[in-house]
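Before any comments, here is the structure.
The values are calculated or read from the model by the stated rules, or taken from the named source; none is laboratory data. Fair warning: this is a prediction, and the values are worked out from it, not measured in the lab. A quick note on method: Cβ atoms are made from the backbone with ideal geometry, for glycine too, and the neighbour counts reach across all protein chains shown.
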Amino acid sequence: MTLGLAVVGFIAAGAGVVFPDARRVLFALAGTGLFGGLLAYTLSLDRVVDATVADHISTAAAANQVTIADELGLRTEPTYVPSDGAVSARLQLSKSTNLNLDGPNTSGHGRELTFEPTAGRLFRHFERVLEDELATDPQPLTAQLAGGLVEVFELADAIEPYDIGEESVTVTVSGSVLGDLDRFDHPTASFLAVGFAVGLDQPVNLEVAPGAEEGDWQLICYWGSRRE
């Protein structure tokens with residue numbers, strides 16, 4: 001996986017030199033691929049990574065993803081959709097202009113584009129280490145996902161359910177290790193959205209807002225008729 005991501009990064013960088021009209025998008029894609037390769041390599045070393053370093057890398061990757069979305073005329077409000085591919089869910093962005101996006105990663109005649117979520121492979125690892133089956137009901141699923149982020153990956157100090165309904169879950173995240181959660185497809189928010197999409201087996205949308213206390217964040221994952 002590490003080598004594959006790095007190769008994607010180098011190919012995109014080379015293509016950016018050859019095709020100047022698409023240079024900005026290709027260079028952004030190159031940065032994302034190289035970041036993914038570096039992160040995968042670092043995690044494979046069984047070494048503790050300084051939170052500040054990880055935060056800076058994560059921020060750069062998010063900025064590159066937003067650049068790609070802007071260049072292609074896409075909305076940056078992602079939908080997380082269950083998938084049978086290499087990762088358990090895909091991140092889907094809807095088109096906001098009349099640009100032609102037809103291609104292998106598009107659907108609906110070019111109206112949407114799909115990416116691998118930041119936390120897609122992280123969640124796949126979580127599924128492998130989970131002792132019980134992944135829950136399919138919002139309440140136990142929320143507990144599993146919160147435990148994964150706090151106890152397994154230590155990406156937050158605490159995640160407390162604020163409101164669990166039939167078509168939405170609101171949680172409060174305290175002590176985020178990777179900085180502000182309002183970045184595009186932030187790893188912590190991405191993990192929760194991917195988890196709900198997979199566990200509930202339906203598309204999930206995500207909203208992020210500052211919490212009541214300084215440093216806290218409120219995350220809302222919603223699905224079903226609330227998405228309409």
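Summary of computed values
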quantity	calculated
Residues within segment 177-193 that are more than 16 Å from Glu77 (Cβ to Cβ) and of a type outside the set (Gly, Ala, Ser), tallied	6
Search result, residues across segment 126-152 that are out of contact with any helix residue (DSSP H, G or I) (no Cβ under 7 Å at 6 or more places or on another chain), closer than 22 Å to Gly215 by Cα and not aliphatic (A, V, I, L, M)	Thr142, Gly147, Glu151
Residues being crowded, with 18+ Cβ neighbours inside 10 Å and of a type in the set (Gly, Ala, Ser) - total across segment 143-156	3
Residues satisfying the stated conditions in segment 157-169, i.e. surrounded by fewer than 18 Cβ atoms within 10 Å (Cβ to Cβ) and not acidic (Asp, Glu)	Ala158, Pro161, Tyr162, Ile164, Gly165
Residues of segment 140-169 that turn out to be under 20 Å from Ala89 (Cα atoms) and modelled with pLDDT of 95 or more, as a count	13
Meets criteria (part of a loop (DSSP other than H, G, I, E, B) and either of a type outside the set (D, E, K, R) or within 14 Å of Ala146 (Cβ to Cβ) (or both)) for Leu181	yes
Selected residue (only one of Ala209, Ala189 is in contact with a strand residue (DSSP E or B) (Cβ under 8 Å, 6 or more places away or on another chain), closer than 24 Å to Asp70 by Cα and surrounded by fewer than 14 Cβ atoms within 10 Å (Cβ to Cβ))	Ala209
Test: residue in segment 209-217 that is assigned to a strand (DSSP E or B), over 19 Å from Leu134 (Cα atoms) and out of contact with any Pro (no Cβ under 8 Å at 6 or more places or on another chain)	yes
